[in-house]
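In what follows, a single structure is set out as structure tokens and then discussed.
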Amino acid sequence: MPDWVYAVILGVIEGLTEFIPVSSTGMMLLAKEALGLPSGFWDTFAVMIQLGAILAVVVLYFPKLWAQVVALPTDPAARKFALSVIVAFLPSVVLGLLAHDFIKAVLFDSPRTQCISLIVGGVILLFVDRLAPKPVETDPFRLTLGRALAIGFFQVLAMMPGVSRSGATIVGGMLMGVEKRAAAEFTFFLAIPTMLGAFVLDAWESRGQLTSETIPLIAIGFVVAFLVAIVVIRTMLAVVTSRGLAPFGWLRIAIGGAGLALLTFG
């Protein structure tokens, strides 16, 4: 198949999985393995098109986010919201800069690790869905800084492929007493600086791979991921609100189990 078809396929997978708790990175890497795509550029591609999915958050929440931006000079609550996102973002900044090369070189080439992480994460989602404490925070724009920082530390777990960034932060939020829909929405907001930072870092680290042939492929994946994510965000919120995290937990277990079976017996 031509490379642009692979770009479309991976763009669809990114848009489908970035915001549901199944690990978009793990799914992308397993898909890359299944399609027989080599490491190198396609690893960079997988990271860089995440920004397309994140743009979907900006578009869907633009009125609320813009209202916070406009209110920053005069509204202490708006400044606290901005600070809460920054505080939650900081743990990933520190670890991302320290461990970026190791994560990309070692963990990104371990499909078995990804599958095991999917299964373990699925079991955790099932338990947290049943055992999370009663929520005391229901507004993602009004989280305490302590809860925001705790969510940020949970996000660090997603540095390992197979550990969902959205799953880790939603679970962290629920364990900290944040209502599940509010935890999901704060996860979306936290994704904006996190994925933008990953995009910039990977673009710089992999600048030699950005050529007149590869940039159009990244653009295709970016647009496809954006369009698919627009639909997925609304659907994901509806599922989390009505059915909790259990459907995503079972999905992770099924995908991880199937992946391990293929790696073992394929």
The stretch 26-46, residues that are buried (at least 19 other Cβ atoms within 10 Å of the Cβ) and either in contact with a Lys or Arg (Cβ under 8 Å, 6 or more places away or on another chain) or of a type in the set (G, A, S) (or both): G26, A31, W42, D43, A46
Residue satisfying all of: in the stretch 229-245; within 15 Å of A132 (Cα to Cα) and surrounded by fewer than 16 Cβ atoms within 10 Å (Cβ to Cβ); modelled with the lowest pLDDT among these: T241
Some residue of the stretch 69-86 being under 17 Å from A198 (Cα atoms), of a type outside the set (D, E, K, R), modelled with pLDDT of 85 or more and touching a helix residue (DSSP H, G or I) at 6+ places or on another chain (Cβ under 8 Å): yes
Residues within the stretch 23-62 that are of a type in the set (A, V, I, L, M, F, W, C) and modelled with pLDDT under 80, tallied: 2
Condition check for E179: out of contact with any Lys or Arg (no Cβ under 8 Å at 6 or more places or on another chain), surrounded by fewer than 17 Cβ atoms within 10 Å (Cβ to Cβ) and acidic (D, E): no
Residue in the stretch 206-213 that is of a type outside the set (S, T, Y), surrounded by 18 or more Cβ atoms within 10 Å (Cβ to Cβ) and closer than 25 Å to F41 by Cβ present: yes
Residue tally, condition within 17 Å of V123 (Cβ to Cβ) and either in contact with a His (Cβ under 7 Å, 6 or more places away or on another chain) or assigned to a loop (DSSP other than H, G, I, E, B) (or both), over the stretch 141-170: 4
Enumeration of residues in the stretch 174-214 that are in contact with a Ser or Thr (Cβ under 7 Å, 6 or more places away or on another chain) and over 14 Å from L237 (Cα atoms): L190, T194, D202, S206, Q209
3 or more residues in contact (Cβ under 8 Å) with a residue 60 or more places away in the chain and closer than 24 Å to A184 by Cβ: qualifying helices (runs of 4 or more DSSP H) within the stretch 1-60: 3-17, 24-35, 50-60
Residue in the stretch 254-266 that is modelled with pLDDT of 90 or more and over 12 Å from the mean Cα position of the chain (by Cα) present: yes
Filter pass, L157 being without any contact (Cβ under 8 Å) to a residue 24 or more places away in the chain and either closer than 18 Å to L95 by Cβ or touching a Cys at 6+ places or on another chain (Cβ under 7 Å) (or both): yes
Residue check for V156: among the hydrophobic types (A, V, I, L, M, F, W, C), under 16 Å from F19 (Cβ atoms) and under 19 Å from the mean Cα position of the chain (by Cα): no
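The values are calculated or read from the model by the stated rules, or taken from the named source; none is laboratory data. All values derive from a computational prediction rather than experimental measurement. Every residue, glycine as well, gets a Cβ built from its backbone with ideal geometry; the counts of neighbours run over all protein chains shown.
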